[in-house]
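Accompanying notes for the structure given below.
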Amino acid sequence: RKYSFLRNIERVLYQRYDLIFCISESTRKSLESWLKYKFNKKRCKVIYNGSRKITPRNCIIQEPEKLDIISIGSLTNQKGFDISIKAISHCRDIVNSYNILGEGKEKSNLQRTILELKLSNKIFLKGYKNDIKKFLYKANLAIISSRWEGFGLVATEFLSAGIPIVYFNVPGLNEVLSGCEAAIAVNDVDAKELSNAIKLAKQNLVGNAYIYEKAIEHSNKFTFEKMVENYLTSYF
């Protein structure tokens, strides 16, 4: 989509399909905007992704003195880790650790920001990890600081582990987390606003047994079984 001259070619290709599936309403709208063509909703359908489930921690839920925060994603501008790092600088007194799992071209810039803000003792770029469970089981709050998302699969994984979330209210991601009692939406993509949400999450979400159960309950809306059933219904 960087090259506008390809639009007409794609428009011809998409016209040949009987059914087109999108992983969220926002991706459907994005496709229509790119093609400058309005699809019939029976022909262009939204089917949300299914997600793997992380076995929740079997432990006593209690309010911690300080937060152990986690984020997972590629170290790119899209994921907004530059913003989440700055947000931690505004609430460092209530944060014990912030682990970011992932690799990407922004790694050196993020490391520089961490050093400049004197947060090397709190924020850790852990790189790519195959097994994320030990990091999830240590965490009591997740941040999703994406500037945009098609869906936000990591959100359902956090919730399945019973971890509440603070996130930017961007299209795609807000569809996944709409109505979730275990999540706080931040309307402005801004470090100070995100910091305020982190403080609010510590007061109202973290260490709360009710929120723990609601997180797991919401994640069950996005199972592989439901995704497959929707595809089978559409085909047959």
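The values are calculated or read from the model by the stated rules, or taken from the named source; none is laboratory data. Keep in mind that this is a model prediction, so the values were computed, not measured. All Cβ positions, even for glycine, are placed from backbone atoms using ideal geometry, and neighbour counts span all protein chains on display. With ligands, DNA and RNA removed, areas are computed over all heavy atoms of the protein, side chains included. Shrake-Rupley method; radii C 1.70, N 1.55, O 1.52, S 1.80 Å.
Of all the criteria given as (1) outside any loop (DSSP other than H, G, I, E, B); (2) open to solvent by 10 Å² or more (accessible area, probe 1.4 Å); (3) closer than 23 Å to residue 173 by Cα; (4) of a type in the set (Ser, Thr, Tyr), the one not satisfied by residue 98 is (2). So is residue 36 in contact (Cβ under 8 Å) with a residue 40 or more places away in the chain and open to solvent by 50 Å² or more (accessible area, probe 1.4 Å) or not? Answer is no for this residue.
For the stretch 131-158, a tally of residues being acidic (Asp, Glu) and in a helix (DSSP H, G or I) returns 1.
Is it the case that some residue within the stretch 114-130 is in a helix (DSSP H, G or I), at pLDDT 95 or above, out of contact with any Phe, Trp or Tyr (no Cβ under 8 Å at 6 or more places or on another chain) and open to solvent by less than 30 Å² (accessible area, probe 1.4 Å)? Among the residues of the stretch 114-130, at least one is in a helix (DSSP H, G or I), at pLDDT 95 or above, out of contact with any Phe, Trp or Tyr (no Cβ under 8 Å at 6 or more places or on another chain) and open to solvent by less than 30 Å² (accessible area, probe 1.4 Å), which makes the answer yes. Among the residues of the stretch 88-106, those identified as closer than 19 Å to residue 148 by Cα and out of contact with any Asp or Glu (no Cβ under 8 Å at 6 or more places or on another chain) are 100, 101, 102, 103, 104, 105.
Pairs are defined by a Cβ separation below 7 Å, a sequence spacing of at least 6 or placement on different chains, a first member in the stretch 1-20 that is open to solvent by less than 80 Å² (accessible area, probe 1.4 Å), and a second member that is assigned to a helix (DSSP H, G or I); the pairs so defined are 7/34; 7/35; 10/35; 11/35; 14/35; 19/234; 20/14. Within the stretch 171-186, the set of residues being open to solvent by 10 Å² or more (accessible area, probe 1.4 Å), over 22 Å from residue 56 (Cα atoms) and at pLDDT 95 or above comprises just one member, 185. Taking each residue of the stretch 169-184 that is charged (D, E, K, R) and looking for partners that are open to solvent by 40 Å² or more (accessible area, probe 1.4 Å) and not in a helix (DSSP H, G or I) with beta-carbon atoms closer than 9 Å, six or more apart or interchain, yields 175/46; 175/48.
The lone criterion from (1) among the hydrophobic types (A, V, I, L, M, F, W, C); (2) more than 15 Å from the chain's Cα centre (by Cα); (3) surrounded by 24 or more Cβ atoms within 10 Å (Cβ to Cβ) left unmet by residue 135 is number (3).
Could you tell me whether residue 73 is more than 25 Å from residue 205 (Cα to Cα) and in contact with a helix residue (DSSP H, G or I) (Cβ under 9 Å, 6 or more places away or on another chain)? Judged against the criteria, residue 73 is not a match. Taken over the stretch 106-123, the criterion of being closer than 16 Å to residue 76 by Cα and of a type outside the set (Ser, Thr, Tyr) is satisfied by 106, 107, 109, 110, 111, 112, 114.
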